[in-house]
Structures are given as structure tokens and as C-alpha cells.
Amino acid sequence: KANEALSLLALAAVLERDGQFQESLLRAIEALDACQELQEKKGRASALQSLSRTHLLRGAPAEALQVAAEALELSKALGDGTWEVSAARLLVAAAAAHVGPSGTTAAVFAAEADLAKGAEALRARCSAGLTAKSFEDAARCRRNRFLGRAEAKSFTARGDHEGALRQVADAPSLAQGLQETPYVVRLGLTAEVIASLTEAVEILSREKDGRQKALAALAKVNLVFFKGAASEEVLTSCKTAMELCKAAGDKVLEAAAQHTMESLEAKSLSLASTSLSAAREKEEKLSEAEALLYLAQAHLAQGNSLPEVLEAVQQALILFRDLGFPSCEALVQSMLATSYSMLGEASEASKASKESRDLALEDRGAEAAALEASIFAALVASKAEEALQHGRDLVKVSRYFNDKLAESFALGQLARLHLANDDPGQAVRAAEDAVELAAASKLAQASVTGQAAALRVLAKVHGCRGKPAAALRAAEQLLALPGRAADTLAKGSKGEAIALLVASEANAASHAALATARDAEALFVQLKDQQGQGAAKLALASTLLMQPQRELDGALAAAREASSCFRSRGDSFAEAVALCATANIHLLREETSEAEKVGKEALRLFKEDRASRGAKGTSPGEARAKQLLMQSQLKSQQPSAARLFFDEFSVAHLELNELASQESLEAAIATLHNMQRVRKNVKAVVMHLDGTPAPVTMHSYALTSGTFMVGLRSISVPLILACCGKIAGPSWSLALACDYRLADCDTQFLLPVIAPPECLGDLVGQAVAAQLCISNGCMPAQAVQEMGIFQQVRPGKDDTSRAASELAKRIAAFPSVACKQTIGLLSVPALRYTAVGAQRLPDRDLMA
């Protein structure tokens, strides 16, 4: 068995040299199993080092990192210094390639670990990984807004546009603006790996040689960066390494330290352009590809137009494809997908994300980046189920590395994706699991930050379920998290202020929420954070409205101040949200004109925001603004009276709209019947119809049931229509009840026809009747005339009324008996003008 294990290791080494990495992995795994069966520690350590080497050479540093950490622990147990140094170099090389600060440093450590032939690939993998991470961080806010829109769809389907907008733009999200929570997730960042990497740096530091000390200093830079320390600490460590590299007189190490220093500093367009020009002059493809990635990163950091970012990424993709680095190509494809998603090009984003997943099959680190990009692309394409599946796959990748923090982050995102698929039960379970995993992490500071992110999601999910008590418990847990000196939840920090906003929104109807919102506002004022002040004031306005005794004046002042804060920050989206809150308060104060004015401004800002994102359809913000506008217009509408008067030609003129009251309609019909029966001097009726859509609750029974049309037709005189405005609802029945129809050219006809008269098919034909009842949308007057429903379309309202009156005068010149007989022959019985499905009043004569 021992000889078999030895042979398998030798075969794995040969296959590795030949570039057959998949076969080499299989043989090394078989050797590892054999050594474990024999309980041979040295053999296991050798097999683990072989596995780590092969993972690195095939471009999978995340897997290599886990295996190398285990190999180092085993080598230490053996007490063999040579084995320890070998395992330490492999571990440092894997860490540098996976999440190192510089590709050049990754190449140096690969050469030191006797992986010179894979140095270029690892350098490229490190550079691509860094840029992919920056793209992911830059897109996180936009992706979360798309996720909020997906969550809002269930609210929109129920007609709760206010709740839908709250999902997209809650106070904690608005407080962050375009800056997402600083929750840095590095796949494979476990306490065990960090401890092993710290030991590896210590082992390399034992060397007395100046060059080895310089290498150890560079390794320490990687360690500090890997831990996610502040940029100042990383730069200080890098400066120390630079001095040691200069003292050692090694130009390669000095260049690596210099490149690391440059990569840690903010990316500038001038420096990236200079690097790109130099690489093209030297005709170095890898350097050119790296420079293009830095250029794209610089464009992204400076907020330049996304097409420029996209162009740089596309050029880098071609170069990596030519170099034959599939892991790098997968990462660049994920950047491409993210860029397309930010541009709103869903089909291109989906295509790029699929190619990224296909290429990342052998590199789980790249697969995680591909899945993040795929979730974003699916959300942009409004494919919530597809995004949910990618979210589940991301959780599986995190579990493979036994990384509790990364799994907690993935589960928090999965909870929101469940919410977007209208499955709140699964969302609660995923969020609770995320909290438990973050709490179980051995990295104290990262554990608190992870719990904070997971508890925010849990509070949001409970709020969507309508469980304020459960949401408040999650918010209280968030506030109870221990502060850390360098943590975002430290007392007086922005993290604490955001936690207070979460608590205030959890149960806004409570008196405690009012005090919490004011505390959050005070903290933001202390931090001089205008964006946060605006969010806190908006939360305060919402809380004041939810109190048992509403404070409308205080809420209005808070909402106005919130919109002012957002305007000064240049955040038009947040300003529009605040304006919607202001319009709502104006409606509650019955100030309809002010509400309409503010609502129109909010709608304009929401439309501009959607246009800037290249998104299609109606956003939740637009839907809410339109709802507020409609409510303001409806509140200003009052029932009107139908007006009836006669001219010298015995023509009756009837002016009315949808808001005509029941009493005025009954009086008009009674007057017409009396004039016709007693004086017999009604020769024609001109209906002047003003199309004014109104809510169903304001329609009189005479119009909705069709009884007014029945009474009008029973006079048995020609009816001529002159209409303008928007014809919808019962206005259709009024128009169709007339014998000759004229319309203003600007008149709009809203379809479908709801509750049409029973005789609709006889009036316009069965085919046209079906089209009117099935079609949806708005139809111009010319189209209605072409369908044969209207006889004339005139160029203006006055001209239409004048033409109708002239026609009525000509008809009135004919004998009354002849007109009545003609109407009787050509029209359907008056009773059939009753609306379909209307409850008819009992016939008194039949009852008698």
C-alpha cells in the first residue's frame, strides 16, 4: 500500500509537469486516501502539497489555499523545517494569487514555491480577481436596488405601491446612498486559514538572508491585506517591505514591492493610461491586459461613463483569451456581465454571465464571482426564479470552503431572493441561518459585521411579512451587538445610526420608534452626514404619521427637510422618495393642489432616474408617484350637475360628464320627456360630452346601469354627440347611445369598454364590439373613426360643438313624425341600452 501511494505521488508529479492537471489531481487524491489509510503523516503532507501545487498551476488559488493550510499544519506536526518552509511558501503563493494586493507579488511567490511555469497565470489570476472584486463592490448598490424592485413586485401586484416603494428605498438604504455597507467578504477567509498564513509568515521570517527577510516582509503585506485591514496599515507594511527589498539589492523584489504600492493607491486614469501605453510599446500581452483592467477600474472609481469601462474590459477579455488563462477569462466575463447589467442590457449580461460560469468550472473562486454577476443579470432581466437558483449555487460554493462568513453573506442574499419570489417563510429561515453562521465565526470583528448585515435582512423580511414584533426583536439584537474600535457599529458611528434607523422602521407605530428616529438623526448631524440626515428625517416623518395621534405638521416639516438634504447631496432618487412622502402628507392635510405639484416633481425625478439606468417599464417609484397624482386629482373632483337648455330651433343641448349627479340626470330626463309629451317641441338632442375619467365610486347609478341612456333613447328623437377629453367607463355608453357621433381630434378613447350596453354588437358590429371589449390601451379619435364608430373628427372642441349644433338644426327642419319613424326603424329598442350585468330596477307596471 505504501509503494502504491508513493507511485501515485510520483505519477501525479509527472502528470503535473506534462500539464495534465485534472489527472494529476485525481492521482494525488488517491495517494492522500492511501496515506490516510496507512496513517502516514509524511505521505499525507506530501500529497497535500502536491494537491496545492496542482490547484495553483490550474488557476484555482482558492482551493490551493485551503489545502496548503492543511499541509502546513501537518508539516509542523512532523517537526521537519524543510517541509514547513515548502508548505509555507505554497500557502503564501496561494494567498497572494487568491486575494493578494498585486499580481507581480503573486508571480514572485509562485517562483519561490518552485512554480515558475505557472507564475504568469497566477499573476494574471490575482490581477483579474482584484478587478473583479472592485466591480462587484461598485455594482452592489445597484444590484441591491434591483433586488428591492424584485421584492416590490408582490406589493405592486396587490396594489400597495407605497409598500413597494418602501421595499426599494427604505431609510437604511437611503442613508447609505451609493455607498454600500463595508461588509468585505473574501472567500476562504476563515480563522484557520488566517492562523496558518500567520504561521507561514513567521516561518519565512526566521531566515537570516536579507532576500528572505524581504520576501517575508512582502508575505506580511499579503497577510495584512488578506485580513482586510485598513488601507493605511497595508501601506505602512508595504513601505517596510520596500525598504527591506532595497536593502537586499534584489531588483525583482523591489519592483514587486513598488507595483504593490501602486496597486494599493487609488487608481488614476493618467497612471493607468501610461501603463497601458508602456505595455503596448513592449508588446507584453499580460501587462497590457492588466493595464486595461486597471483602466476599467479607474473609470469605474471616477464615475465615468460605463461604455468606456465596457470597452476596456472587452479588450482585456480578448487578451486573456489569447493567453489561454480560463480562470482569468471567467473573471473578466463576470466583469463584462456586471458592466452590461449596470447599463441595463439584460440579454448581453445574461450571455456574458453564462459564459463566465462555464469557464469557471475548475476555479470555485471565479465561480463565486460568476454567480454574483449572474444574480445581477437575472435581476436586471426580471427573472427572479433564475436569480434564486444562482443564489442557492453561491451558498453551495461558500459551504465547499467551510467559510461561515461567506456563507452567511450568501444566505442573507438568498433570503432577499426568496422574498423576491414571494416566499417569506423560506426567507426567514435563510436569514436566521445567516445570523447563526455569522455568530459562529471565530473572526471577532468580521463576525459582528456579518451579524449586523444578516440582522438587517432579518428585520426587513419580518417587516415584509407584517410582523412588527419579530422585526423589532431583530432590530434590538442589532443594537445590542458589541461595538469594536475599528468596527462600523462603534458607538457614535454611522453603523450605529443605521442600526437605529432599522429599529425605528421595525415598529413605526410605537412611541419608542419616534425616539429612536430622533436619536438616529442626532447621530447623523454629529457625523455631518447629510445623506444620513435626510434618511433619518424621512424615517421620522413616517413614524409621526404612524403614531396613534398623527402629527401632520411635524411630519410635513421633516419630509421637506429630507428632500432638501437629498437635493443638496445630488441624490435625485432619494429626493423623489422624500417628495412622495411630502405629497402623501399634503393629501392627508387635504391640500390637493400642493400634493399634485409635489407628485409631478417626484414623477419627473423617478423617470429621469430610470432613463439614466436605461431601465424599461414603470418603476415602483413612478407607480407610487402616479398613484399620489391620481389621488390628488380625485380628491379635487366633485359631483357635477348635468345642464340642459333649448335653442330657438327646438334643439335640446345637454352638457354632462362622468361626474354628473343622479339628481341632475333624473331632472334632465324628466324635463325632456315633459317637453316632448306636452309641448312636442323637442326635435333633436345634442349631447356635449366632456370626457373626464372618475373613480367608480363617483359614478351615479343612472350612468353605471344604463338607465339614463334608456330614458334618453325613449324620447325617440335624433341624438347627436360632440365629445372631447378622455372617453372611458360610462362615457362609452353615453357616446354609443347617440345616432350621429362627432369627436375632437385630440379626444382619447380608453379601452377596454367596461360594462357596455347590451346592444353594443348591433350598434358597431360583432367584430368591432369584441375588439372594444378585449383590447387594452388608448386609441386616438382617427382610429375610432376608421373603425366606423364615429362619423366625424373635427379639429377642435369648439368646432366639434358647432358642427354638432348645425347638424341638429338641419335635422330639426324636417317633420317631427318622419324623424321619429326613421329613428324607430334604424335603432334598437331603448331597453337594450341597459349596461351588461346591471341590476335593473323593477318595472312598476309589471308589479301592478
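The values are calculated or read from the model by the stated rules, or taken from the named source; none is laboratory data. Not measured: the values here are computed from a predicted model. Cβ: placed from backbone, ideal geometry, glycine included. Neighbour counts: every protein chain shown. We work out accessible area using only protein heavy atoms, side chains counted, and drop any ligands, DNA or RNA first. Shrake-Rupley method; radii C 1.70, N 1.55, O 1.52, S 1.80 Å.
So here's what we get for this one:
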quantity: Flag if residue 160 is open to solvent by 40 Å² or more (accessible area, probe 1.4 Å) and in contact (Cβ under 8 Å) with a residue 40 or more places away in the chain; calculated: no
quantity: Number of the exception - residue 108 against (1) out of contact with any Phe, Trp or Tyr (no Cβ under 7 Å at 6 or more places or on another chain); (2) at pLDDT 80 or above; (3) under 30 Å from residue 385 (Cβ atoms); calculated: (3)
quantity: Test: residue 112 is over 34 Å from the mean Cα position of the chain (by Cα) and acidic (Asp, Glu); calculated: yes
quantity: Enumerated helices (runs of 4 or more DSSP H) restricted to region 752-810, each holding at least 2 residues that are under 27 Å from residue 655 (Cβ atoms) and among the small types (Gly, Ala, Ser); calculated: 781-786
quantity: Residue in region 178-188 that is at pLDDT below 80, within 30 Å of residue 504 (Cα to Cα), of a type in the set (Gly, Ala, Ser) and out of contact with any Pro (no Cβ under 6 Å at 6 or more places or on another chain) present; calculated: no
quantity: So residue 139, is it closer than 27 Å to residue 299 by Cα, among the aliphatic types (A, V, I, L, M) and surrounded by fewer than 23 Cβ atoms within 10 Å (Cβ to Cβ); calculated: yes
quantity: Residue under evaluation residue 50, criteria (1) within 41 Å of the chain's Cα centre (by Cα); (2) buried (at least 24 other Cβ atoms within 10 Å of the Cβ), criterion not met; calculated: (1)
quantity: Extreme residue, surrounded by the fewest Cβ atoms within 10 Å (Cβ to Cβ), among residues of region 53-110 that are outside any helix (DSSP H, G or I) and touching a residue at least 40 places away in the same chain (Cβ under 8 Å); calculated: 58
quantity: Residues that are outside any helix (DSSP H, G or I), at negative phi and not small (Gly, Ala, Ser), drawn from region 113-129; calculated: 115
quantity: Matching residues, region 610-632, being open to solvent by 50 Å² or more (accessible area, probe 1.4 Å) and either within 20 Å of residue 585 (Cβ to Cβ) or outside any helix (DSSP H, G or I) (or both); calculated: 616, 618, 626, 630, 631
quantity: Residue that is farthest from residue 332 (Cα to Cα), among those in region 115-132 that are in contact (Cβ under 8 Å) with a residue 40 or more places away in the chain and open to solvent by 30 Å² or more (accessible area, probe 1.4 Å); calculated: 117
quantity: Region 146-157 - residue that is open to solvent by less than 40 Å² (accessible area, probe 1.4 Å) and of a type outside the set (Gly, Ala, Ser) and, of those, nearest to the chain's Cα centre (by Cα); calculated: 146
quantity: Condition check for residue 731: closer than 27 Å to residue 673 by Cα and part of a loop (DSSP other than H, G, I, E, B); calculated: no
quantity: Scope region 631-672; condition among the hydroxyl-bearing types (Ser, Thr, Tyr) and within 19 Å of residue 707 (Cα to Cα); matching residues; calculated: 640, 661, 664, 671
quantity: Residues that are of a type in the set (Asp, Glu) and open to solvent by less than 10 Å² (accessible area, probe 1.4 Å), drawn from region 342-390; calculated: 363
quantity: Enumeration of residues in region 592-606 that are at pLDDT 90 or above, under 12 Å from residue 631 (Cα atoms) and either out of contact with any helix residue (DSSP H, G or I) (no Cβ under 7 Å at 6 or more places or on another chain) or among the aliphatic types (A, V, I, L, M) (or both); calculated: 595
quantity: Options 192, 233; residue that is surrounded by fewer than 17 Cβ atoms within 10 Å (Cβ to Cβ) and under 25 Å from residue 84 (Cβ atoms); calculated: 192
quantity: Selection status of residue 621, in contact (Cβ under 8 Å) with a residue 24 or more places away in the chain, within 30 Å of residue 345 (Cβ to Cβ) and of a type outside the set (S, T, N, Q); calculated: yes
quantity: Selected residue (criterion: most open to solvent (accessible area, probe 1.4 Å)) from residues of region 515-534 that are under 17 Å from residue 560 (Cα atoms) and over 28 Å from the mean Cα position of the chain (by Cα); calculated: 518
quantity: Output for region 1-22, where each listed residue is under 46 Å from the mean Cα position of the chain (by Cα), surrounded by 14 or more Cβ atoms within 10 Å (Cβ to Cβ) and either among the small types (Gly, Ala, Ser) or more than 16 Å from residue 64 (Cα to Cα) (or both); calculated: 20
quantity: Count - residues of region 307-341 that are surrounded by fewer than 18 Cβ atoms within 10 Å (Cβ to Cβ) and either under 27 Å from residue 610 (Cα atoms) or in contact with a Gly (Cβ under 8 Å, 6 or more places away or on another chain) (or both); calculated: 4
quantity: Selection status of residue 432, at pLDDT 90 or above, under 18 Å from the mean Cα position of the chain (by Cα), open to solvent by 30 Å² or more (accessible area, probe 1.4 Å) and not β-branched (Val, Ile, Thr); calculated: no
quantity: Leading residue by the ranking (nearest to the chain's Cα centre (by Cα)) among those in region 816-830 that are over 14 Å from residue 683 (Cα atoms) and open to solvent by 80 Å² or more (accessible area, probe 1.4 Å); calculated: 829
quantity: 2 or more residues hydroxyl-bearing (Ser, Thr, Tyr) and modelled with pLDDT of 90 or more: qualifying helices (runs of 4 or more DSSP H) within region 277-350; calculated: 326-343
quantity: Residue ranges of helices (runs of 4 or more DSSP H) in region 374-489 with at least 2 members farther than 17 Å from residue 172 by Cα and touching a residue at least 24 places away in the same chain (Cβ under 8 Å); calculated: 384-400, 404-420, 424-440, 444-464
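Every residue, every condition in (1) among the basic types (Lys, Arg); (2) over 52 Å from the mean Cα position of the chain (by Cα); (3) surrounded by fewer than 18 Cβ atoms within 10 Å (Cβ to Cβ), yes or no:
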position: 666; (1), (2), (3): no, yes, yes
position: 674; (1), (2), (3): no, yes, yes
position: 698; (1), (2), (3): no, no, yes
position: 710; (1), (2), (3): no, yes, no
position: 714; (1), (2), (3): no, yes, yes
position: 725; (1), (2), (3): no, no, no
position: 743; (1), (2), (3): no, no, no
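Residue-by-condition table, conditions (1) in contact (Cβ under 8 Å) with a residue 24 or more places away in the chain; (2) not basic (Lys, Arg):
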{"position": "213", "(1), (2)": "yes, no"}
{"position": "217", "(1), (2)": "yes, yes"}
{"position": "226", "(1), (2)": "yes, yes"}
{"position": "233", "(1), (2)": "no, yes"}
{"position": "240", "(1), (2)": "no, yes"}
{"position": "259", "(1), (2)": "yes, yes"}
{"position": "288", "(1), (2)": "yes, yes"}
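A quick yes/no check of all residues on (1) small (Gly, Ala, Ser); (2) closer than 21 Å to residue 745 by Cβ; (3) free of Cβ contacts under 8 Å to residues at least 12 places away in the same chain:
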residue	(1), (2), (3)
776	no, no, no
781	yes, yes, no
788	yes, yes, no
792	no, yes, no
805	yes, yes, no
